[in-house]
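Peer 1: Structure incoming, see below.
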Amino acid sequence: MKVQKFIESGILSVYVLGAATEEEKQEVERMAALYPEVRQELESLQNAMNEYLAQYEVPVPAHLKQKVFEKIRNTENVELNLESEHSSDSRIVPFPSIQKWKYGLAASLILLVFSALLNVQLYQNLKETERELSVVQAQNVESQKKITLLQTQYQTTEQKLSLLQNPDYQITYLQGLQEVAPQSYATVFWNEKENKAFIFTNSLPQPPQGKQYQLWALTDDNIIWDAGVFDWGKFSPVKCFKKPQKFIITLEKQGGVPKAEGKAYAVGSVKS
């Protein structure tokens, strides 16, 4: 019974925490040497503390250490004050009860340290998880952009292929003019039966800010028709009407003009 009370008193927790007095240290070590169950409980507490610290390796914040030892010193001061008053007031709590209260406080402080360490580790894990989640989300956004681009490219290719396979579409290739875009090309798909037309600018230079390419159609009676502006680098619909003799691409102001004003960039003749 004496051994069990000694274990339950909390003095072993004080010893493991490093807050025991010299007399308490000697008493713990004496009892551990005499009683295997005391030695086993002491080793169990020490192993638990070592395993926890080894697992998380989080330094105890300086302010928490100070707070713990201040509580212990305050406890010792309370004990000394109570002892000094004990001789003049028989109603004061007996010394053994004070010691028991002190050891219980020390055990609670150990739990407080464990809790603080665990909270720090959980906070660090949370921040790391948030960082990893942000990376994954950014990667997902980037992947979605690539998928959307590939889908657009696939749809454009599929649409062009369907036009190439449709005998009702007349295909005209426009060559870039030597003085402005000698390496550029454009393709016009013209379907007079269905009143549909499309243009694909294979390699025209990117228009400057506030400018846009515009397609013109020259008919057999030498009338120039406005076939509309189109998006650079995209497969775009344009206006369709009487079969033209020639196509011309000019660079005009954004939104187009009713009559060509800008420089011609590409020209192509329609095969008869």
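Peer 1: I need the full set of residues from the range 9-31 which are touching a Phe, Trp or Tyr at 6+ places or on another chain (Cβ under 9 Å), part of a helix (DSSP H, G or I) and not polar (S, T, N, Q), in order please. Steps first, answer last, please.
Peer 2: Within the range 9-31, the first condition is being touching a Phe, Trp or Tyr at 6+ places or on another chain (Cβ under 9 Å), and the residues that meet it are 9-14, 19, 24-25, 27-29, 31.
Then keep just the ones that are part of a helix (DSSP H, G or I); that gives 11-14, 24-25, 27-29, 31.
Correct list: I11, L12, V14, E24, K25, E27, V28, E29, M31.
Peer 1: Give K234, K263, K193 a once-over and let me know the one that is more than 43 Å from the chain's Cα centre (by Cα) and within 19 Å of Y169 (Cβ to Cβ). Before you say what the answer is, go through the steps one by one.
Peer 2: Working: K234 fails: more than 43 Å from the chain's Cα centre (by Cα); K263 fails: within 19 Å of Y169 (Cβ to Cβ).
Only one candidate qualifies: K193.
Peer 1: Would you call L150 among the aliphatic types (A, V, I, L, M) and either modelled with pLDDT of 65 or more or in the same structural domain as F235 (by TED's automatic domain parsing) (or both)?
Peer 2: Working: among the aliphatic types (A, V, I, L, M): yes; either modelled with pLDDT of 65 or more or in the same structural domain as F235 (by TED's automatic domain parsing) (or both): yes.
Criteria met by L150.
The values are calculated or read from the model by the stated rules, or taken from the named source; none is laboratory data. The structure presented is a predicted model; accordingly, all values stated were derived computationally and were not measured. When we count neighbours, we look across all protein chains shown, and the Cβ atoms used for this are built from the backbone with ideal geometry, even at glycine.
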